[in-house]
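Values in this text are rule-based calculations from the coordinates and carry no lab data. Bear in mind the structure is a predicted one, so any value in this text is a computation, not a measurement. Neighbour counts run over all protein chains shown; Cβ positions are idealised from the backbone, glycine included.
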Amino acid sequence: MNHTPKATTDLLASAKTVHDRYLAGRMERETVREWATRLGLYPEPQGARVKAAADWFHANKNDDVDDEMKRQDLAVLAAIFAE
């Protein structure tokens, strides 16, 4: 899949929004998990970060999350839009 620079820009904005809404409790974990696991392929450096987030949420389908798991959720989301 060949994403345009705009698609990557949209990904970064979307990842930040999802992160912030989840952090604030305005988005359920299952919605975040579905979003992350459906992202698809992106060029580097986001490609590996998107894959890591998808892998994390795929492996951790648990709805009963403690604070540590939520911190890890947020970290993998934040990695997508990190500089």
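Points to keep in mind about this one:
- Taking Cα centre as origin and charging only the Cβ of basic (Lys, Arg, +1) and acidic (Asp, Glu, -1) residues, the dipole magnitude of the chain rounds to 300 debye.
- Rel. contact order, % - alpha carbon contacts under 8 angstrom, at least six apart, the chain: 38 percent
- Partner lysines for K6 [C-alpha distance under 18 Å; skip if fewer than 8 residues away on the same chain]: K16
- The chain - Debye-derived log10 I(q)/I(0), Cα point model, q = 0.12, 0.23 Å⁻¹: -0.31, -1.10
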